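Take a look at the structure below.
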Amino acid sequence: MDCRENERGHKEKFYKGRHLRLDELRELNFLNGYLYRDSQIPNYPKNVQFQVSHLRHDTNVNGLFGIMDDCGFKKQGVSERPNLVWWSLDISRSDITNTENQYLQEHRVDPGKAFLHKFTSSPAFLSSSCLGNFRFSMSIDEQLQFYKNQFCEGQEPDIRVFETVVYKQEVMYAIVIHGPDARDLFSEYPLLQDTPDAVCVLRGDTIIWRAQAMSKTHRFRLSCNMKAYRLPKKQHQYYVWDHIGVAFHVPQDEVFSFSKEKLLENLRLCNGAEPKINNEEFLNCDFFRIRP
């Protein structure tokens, strides 16, 4: 385990080149009170596997102007760390429904009243963002094709296990995507393998995410017949939440480019969420909800 100060001035702990599952973090005696509350958490869906075809990049007004002026995405400023542009999984309502149906089939339970959305309440699933009111959402297939053409000379990019980053109540599993010219920079990180115990894998144009902690605050209990029962407020339990970060390596002074038409086509507004990551005030206007 290593410690560092991130680019926003906050301390974070990270594990290089590994995706450590929550039980592995507990075995390492990681000092995080939320992580050890697993025995107190009411029953919830476990071993849930999401298949996600889109990524999202959230930003504020200044970030939006910069992206539109550059016609793409780049790392701001100069840093000793690799120049990475970060995206998250953009999970839609249909993604959650499909995952729920798969989960019911695996447990041989007849479909009933929808329950999984009661447990997918962490920031990984919300239509709001603490980063700002503007969200770029693009298909993974489209992004990989653009990246391959710009930075890989038509070759396939390398996709590697980058880090496990642990905060007070959040665990991020990061993968990094880079071109052939950056192999020396990332050679110490293992290639992402499609194994049964992997936290996430890439299959074609889809990221498979094996979520472990979908609720930052547990307000429901899952019964044996797959029904969600609301808990009294005094029984709510706080836990960690996990998510996937996808980092595209963009060399210094270069831009991960898209046409303005493509950017506008994939741009939508989203609500701001507390706590804010920056000092810019959120906008007040009509917002689009989560993708269908």
Number of positions in region 220-268 that are assigned to a strand (DSSP E or B) and of a type in the set (S, T, N, Q): 2
Cross-chain or 6+ apart pairs with Cβ under 6 Å, region 4-21 first and hydrophobic (A, V, I, L, M, F, W, C), then assigned to a strand (DSSP E or B) and loosely packed, with under 12 Cβ neighbours inside 10 Å: Phe14/Asp2
Which of (1) surrounded by 20 or more Cβ atoms within 10 Å (Cβ to Cβ); (2) small (Gly, Ala, Ser); (3) farther than 24 Å from Asn278 by Cα is the odd one out, the single condition Gly154 does not satisfy? (1)
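Is it the case that region 187-200 has a residue that's part of a strand (DSSP E or B), among the β-branched types (Val, Ile, Thr) and either on the phi < 0 side of the Ramachandran plot or loosely packed, with under 14 Cβ neighbours inside 10 Å (or both)? Even if it seems obvious, please write down each step before you answer.
Taking region 187-200 first, the residues part of a strand (DSSP E or B) are 191, 200.
With among the β-branched types (Val, Ile, Thr) added as a condition, the list becomes none.
Looking for residues that are part of a strand (DSSP E or B), among the β-branched types (Val, Ile, Thr) and either on the phi < 0 side of the Ramachandran plot or loosely packed, with under 14 Cβ neighbours inside 10 Å (or both), one finds none in region 187-200, hence no.
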If we keep only residues of region 57-105 that are among the aromatic types (Phe, Trp, Tyr) and closer than 12 Å to Phe136 by Cα, then the residue surrounded by the fewest Cβ atoms within 10 Å (Cβ to Cβ) is Trp86
Given the condition at pLDDT 90 or above, among the aliphatic types (A, V, I, L, M) and more than 17 Å from the chain's Cα centre (by Cα), answer yes or no: does some residue in region 198-216 qualify? no
Matching entry among Ala247, Ala213 (being touching a residue at least 24 places away in the same chain (Cβ under 8 Å) and under 28 Å from Arg37 (Cα atoms)): Ala213
The lone exception for Phe134 - which of (1) in contact with a Ser or Thr (Cβ under 9 Å, 6 or more places away or on another chain); (2) closer than 30 Å to Glu280 by Cβ; (3) surrounded by fewer than 14 Cβ atoms within 10 Å (Cβ to Cβ) it fails: (3)
Cβ-Cβ under 6 Å, sequence separation 6+ or interchain: first residue in region 173-197 and in contact (Cβ under 8 Å) with a residue 12 or more places away in the chain and closer than 19 Å to Gln150 by Cα, partner of a type in the set (Gly, Ala, Ser) and surrounded by 12 or more Cβ atoms within 10 Å (Cβ to Cβ). Which pairs? Val176/Ala247
Would you be able to tell me the number of residues in region 1-55 that are among the basic types (Lys, Arg), out of contact with any strand residue (DSSP E or B) (no Cβ under 8 Å at 6 or more places or on another chain) and over 17 Å from Asp242 (Cα atoms)? 1
Which members of region 201-215 meet the condition of being surrounded by fewer than 18 Cβ atoms within 10 Å (Cβ to Cβ) and either touching a Gly at 6+ places or on another chain (Cβ under 9 Å) or assigned to a loop (DSSP other than H, G, I, E, B) (or both)? Gly204, Asp205
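Got at least one residue in region 170-178 being in contact with a Ser or Thr (Cβ under 8 Å, 6 or more places away or on another chain), closer than 22 Å to Met1 by Cβ, not hydrophobic (A, V, I, L, M, F, W, C) and not in a loop (DSSP other than H, G, I, E, B)?
Yes, there is a match, as at least one residue in region 170-178 is in contact with a Ser or Thr (Cβ under 8 Å, 6 or more places away or on another chain), closer than 22 Å to Met1 by Cβ, not hydrophobic (A, V, I, L, M, F, W, C) and not in a loop (DSSP other than H, G, I, E, B).
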Requiring at least 3 residues that are touching a residue at least 12 places away in the same chain (Cβ under 8 Å), of a type outside the set (Asp, Glu) and farther than 29 Å from Phe220 by Cβ, the helices (runs of 4 or more DSSP H) wholly within region 78-164 are 140-151
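The values are calculated or read from the model by the stated rules, or taken from the named source; none is laboratory data. Just so we're clear, the structure is a prediction, and the values are computed from it rather than from any experiment. When we count neighbours, we look across all protein chains shown, and the Cβ atoms used for this are built from the backbone with ideal geometry, even at glycine.
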